[in-house]
Amino acid sequence: FTAKKRGKETNSSENGVIETESLDWRAQVTDILLNLDPYAFERLAQRLLRECGFSDVQVTKRSGDGGIDGTGKLRIQGIFSFNVAFQCKRYKGQVGARDIRDFRGSLGTNIEKGVLITTGAFTKAAKEEASSEGKRLIDLMDGEELINKLAEYGIGLNEVKSYEVDEDFFNSLME
């Protein structure tokens, strides 16, 4: 796949000039993420979770994963460790409460935490469901946060003045 190169644009406002260049690389990354095949997107999530400090991060088999796309361990301060499962959803729209319930239902007894990663956003009901008292909590990472984390860890992005998208990196996920 190819992403379109976008030029630097400026818009004027009451406060002066607003550069929309930062929106361009974000839109380009979003477009790339939405066009990755599901397994490549899961491998990207695997890489991100490793960079965030998870260990033993594995992507499940391509089919028959039972709603779990991968698992890993998160160790905090060398004392606490949690078995974590993650699910990836490449959505343009919103992830709803039903998706959260379905994911939670797929978590085995050996999983203490769940993380749902999407390119889209979460509905208010989904956020409420994810943090419902008395239920296993599900952490949520929406598209905005996903892109922020990719930028923070330099995954597929090279910081110049803004960010330059490393299309070779994303293409390598397809191999």
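The values are calculated or read from the model by the stated rules, or taken from the named source; none is laboratory data. As the structure is a prediction and not an experimental result, all values here were calculated from the model. Quick note on the areas: whole protein, heavy atoms, side chains included, nothing else; ligands and nucleic acids left out. Shrake-Rupley method; radii C 1.70, N 1.55, O 1.52, S 1.80 Å.
In plain terms, if you count all Cα to Cα distances in segment 41-121 and split them into 5 Å steps from zero, the share in each step is 3, 16, 26, 25, 19, 9, 3, 0 percent. Note that segment 47-135 presents 56 Å² accessible area per residue, ligands and nucleic acids not counted, probe 1.4 Å.
The share of alpha-carbon pairs in segment 53-175 lying farther apart than 26 Å comes to 26%. Inverting the pair-averaged 1/r between distinct Cα atoms of segment 85-147 gives 11.5 Å as its Kirkwood hydrodynamic radius.
For Arg47, Arg75, the ranking by accessible surface with the largest value first comes to Arg75, Arg47, using a 1.4 Å probe. Mean projected area of the convex hull spanned by the Cα atoms of segment 133-175, taken over all viewing directions: 4.6 nm².
Taking only protein heavy atoms and a 1.4 Å probe, the accessible area of segment 55-158 is 46% carbon and sulfur.
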